[in-house]
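Asks: Before I ask anything, here is the structure I am working with.
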Amino acid sequence: ERTHGGSGGDLRFTPVAPNKEDALTIPDGYSSSVVVRWGDPVLPDAPDFDFDNQSADAQNKQFGYNCDFVTLLPIGRDRGLLWVNHEYTDENLMFRGYTGGAAATEEQIQIALAAHGGSVVEIERSGRGGEWKLVTKGRRRYNRRITAQTKMRFSGPAAGHELLRTAADPKGDTPVGMLNNCSGGTTPWGTVLTAEENVDQYFVNGDKVPEAQKPYITRYTITTGTPSTSRRFDRVEERFDLEKHPNEANRFGWIVEIDPFDPDSTPVKRTALGRLKHEAATTTLARDGRLVVYMGDDSRFEYIYKFVSKDRYIPGFDRHNRELLDEGTLYVAKFTGDSPAAEIDGSGKLPSDGLFDGSGEWIRLVSGDKSYVEGMTAAEVLVYTRSAADKVGATKMDRPEDMERNPVTGGVFVALTNNTNRTAAQADEANPRSANKHGHVLEITERRDDAGEKTFAWAIPLVCGDPKDSATYFAGYDKTKVSPISCPDNVTFDKDGNLWISTDGNALGTNDGMFVMPVKGKDRGHLRQFLTVPVGAETCGPLVSSDQLSVFVAVQHPGELDGATPDNPGSTWPDGDQPRPSVAVVWHSRGKKIGA
Ligand code: FEO
Ligand code: CA
Ligand code: CA
Ligand code: CA
């Protein structure tokens, strides 16, 4: 079938209307099913899920909580490995009568540790169309759980550095577990990159570290004291108490590489990619073949980064390629607008040149053992990357979430989810709205379309919100014909180059969902809602399969509402009883391409 290169010509579905249904709502003519739920057996010897009789032993073998990043690695046309991040746990919804970590049973805390991390599950196509099912029989040799207790290793320039050493790991090279894995990416050699994001919340006594470390505890907003809302992981593993083990926090907040095809492999925390509240790690190749990784730091007024490997990717030379992420240069982005500052007043009104746009540069932070940041060693730049970026004049963004490069146009798209703290005086052309409730999407066009370059042009094709609100922009498309959208979080592209966006935290009062928007041609900006998720859920993934017959969506934290408990759940999706975070798949009922 002919494609239209991101121009949206094949997108003919009728958009889903905004709603508050406790359901996964999809367009007419489409079908959906749940592929895998929290608690489903992952390892062949895992017990069936039993909400009222949970155990850490069982959870260690079952699908974890709060599915986020999803990727599908094919093992043939009708089989594949689904990798899924388990970002965090909602104990209030997982356990009856839960009142916080101080009163939790140790078993509950162990269950929470086991419900973090990620899962590899084998899935198979069901029938000839776009439906996929969990493989539930046979050996399932790749199936694997990775948790907050899985042994890992550090690699790259900061591995073994003093700042990463602890009593349990005096060499500073064997961290244990990963936490808060949000979005991610894949490498050209078939591994998964998974991004540790809000790791600050798992520690206690951040205020009781040595004086020299305190500014960094603050910069990374790590928990001080022992608040009642804390999970109190320290009650079962002392390392989470920073008074006793102040460097343990430095061992989280990394990009972790996992080889889903080798269930015995040790996950690797790649220190060359810096330490921040990592959202994503999307790879592409520079013109000369060097590997490039785009990464966002998802907090208000944080930065956008990219890593460029020193050596080139060589197809098929696995041993060489697997070291590319250990040596290279880490950059942070600076955005400069091209319109007069007086025209950027925080209102979101377009400047007189008709576009929020301009030029930018990638500022070097560190390259191997060489630091480009005054007063910081290379290892310090990598462990305290936020503080390094503060010193070089990078642009503070409205919560950089996922990033993805368009396979057709080469543009690099960034979701900036929101930033209600930005004042009018702090508005700049790349973050043009004060009290930015709904977020925007920014496109970076690297110089000569080469991801290895150090300068770029940029523009904002989408300023989110209710299209009736004059402070929104849909790439100039007729706003009476687009869907409202708020809080873009994850982004992906289909093979035709159409941009798919999923949202988290819809500030328009309806449920979150997934959208598609052509980025070129006459339909550029014609944003349409493809699905909505149940009450209280955020929309993760999304993933459009390479045959374009299936859309995978991770329905994260259904029922996560203030005061919700198992006896009063905010949602009963997907099975009509306790809410269970799940990955679902959506396909055209007559086997047509997604969006048709
Ligand atoms: Fe976990 Fe930035 O979303
Ligand atoms: Ca402009
Ligand atoms: Ca996210
Ligand atoms: Ca988010």
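Asks: Express the relative contact order of the chain as a whole percentage, based on alpha carbon pairs under 8 Å and six or more residues apart in sequence. Write out the running numbers ahead of the final one.
Replies: Values: 1746 pairs, mean separation 100.1, N = 596.
For the chain, the relative contact order is 17 percent.
Asks: Sequence gap at least 6, Cα distance under 8 Å: using those rules, report the relative contact order of region 480-542 to the nearest whole percent. Write out the running numbers ahead of the final one.
Replies: Numbers: 134 pairs, mean separation 20.5, N = 63.
Contact order relative to length: 33 percent.
Asks: Taking 27 Å as the cut-off for C-alpha to C-alpha distance, list the pairs among K396/K479; K349/K495; K370/K391; K396/K522 that go past it.
Replies: Values: K396/K479 29 Å; K349/K495 33 Å; K370/K391 16 Å; K396/K522 33 Å.
Beyond 27 Å between Cα atoms: K396/K479; K349/K495; K396/K522.
Asks: Counting other Cβ atoms within 10 Å of each Cβ, which GluC sites (Glu not before Pro) in region 353-400 have at most 16 and sit in a DSSP loop?
Replies: On the way: sites: E361, E374, E380; in loops: E374.
Loop-located and lightly packed - E374.
Asks: Arrange V332, V441 by Cβ neighbour counts within 10 Å, fewest through most, would you?
Replies: Working: V332 28, V441 24.
Lowest count first: V441, V332.
Asks: Tell me, how many Å apart are the Cα centres for region 115-164 and for region 56-79?
Replies: Taking the Cα centre of region 56-79 as reference, the centre of region 115-164 is 6 Å away.
Asks: What percent do you get for the relative contact order of region 523-596 when only Cα pairs under 8 Å and 6+ apart count? It would help to have the intermediate numbers written out before the result.
Replies: Details: 122 pairs, mean separation 21.9, N = 74.
After rounding, I find 30 percent.
Asks: For region 466-596, just say rounded, prolate or oblate: build the C-alpha gyration tensor, square-root its eigenvalues into a ≥ b ≥ c, call rounded for a/c under 1.5, and beyond that prolate if a/b exceeds b/c, oblate if not.
Replies: Numbers: a/c = 2.68, a/b = 1.38, b/c = 1.95.
Oblate, since a/c reaches 1.5 and b/c is not below a/b.
Asks: Any idea how far the Cα center of region 340-360 sits from the one of region 252-314, in Å?
Replies: Centre-to-centre (Cα) distance: 32 Å.
Asks: Moving on. If I take all pairs of Cα atoms in region 236-284, what percentage of them are more than 13 Å from each other?
Replies: Numbers: 783 of 1176 pairs.
Roughly 67 percent, rounded to a whole number.
Asks: Could you tell me the center-to-center distance, by alpha carbons, between region 394-436 and region 81-109 in angstrom?
Replies: 32 Å
Asks: For the chain, what is the mean residue ellipticity at 222 nm derived from helices alone (per DSSP H run of n ≥ 4: -39500 (n - 2.57); sum divided by total residues; nearest 500 deg cm²/dmol)? Can you show the working numbers first?
Replies: Values: 7 runs with 40 residues, N = 596.
Helices in the chain give a 222 nm mean residue ellipticity of -1500 deg cm²/dmol.
Asks: First check a/c for region 383-470, with a ≥ b ≥ c the square roots of the eigenvalues of its C-alpha gyration tensor; if it is under 1.5, answer rounded, and if not, answer prolate when a/b is larger than b/c or oblate otherwise. If you can, show how the numbers build up before the last one.
Replies: Values: a/c = 2.04, a/b = 1.16, b/c = 1.76.
Oblate is the answer for region 383-470, as a/c is 1.5 or above yet b/c matches or exceeds a/b.
Asks: What is the packing order of peptides 485-498, 225-238, 307-320, 516-529, taking the mean over residues of other C-beta atoms within 10 Å and listing the highest first? Write out the running numbers ahead of the final one.
Replies: Values: 485-498: 25.1, 225-238: 17.4, 307-320: 14.8, 516-529: 21.9.
Packing order, densest peptide first, comes out as 485-498, 516-529, 225-238, 307-320.
Asks: Here's a follow-up. How big is the chain on each of its three principal axes, counting only the C-alpha atoms and giving the largest first in Å?
Replies: For the chain, the Cα spread along each principal axis is 59, 57, 50 Å.
Asks: So, one more: Rounded to two decimal places and with Rh computed the Kirkwood way over Cα pairs, what is Rg over Rh for region 12-81? All intermediate terms of the calculation are to be shown ahead of the outcome.
Replies: On the way: Rg = 16.5 Å, Rh = 15.3 Å.
Reported Rg/Rh, Kirkwood definition of Rh: 1.07.
Since every read-out is calculated from the coordinates, none of them should be taken as a lab result. Note that the structure is predicted; figures quoted are calculated from it, not measured. Note that we place each Cβ from the backbone using ideal geometry, even for glycine, and neighbour counts take in every protein chain shown.
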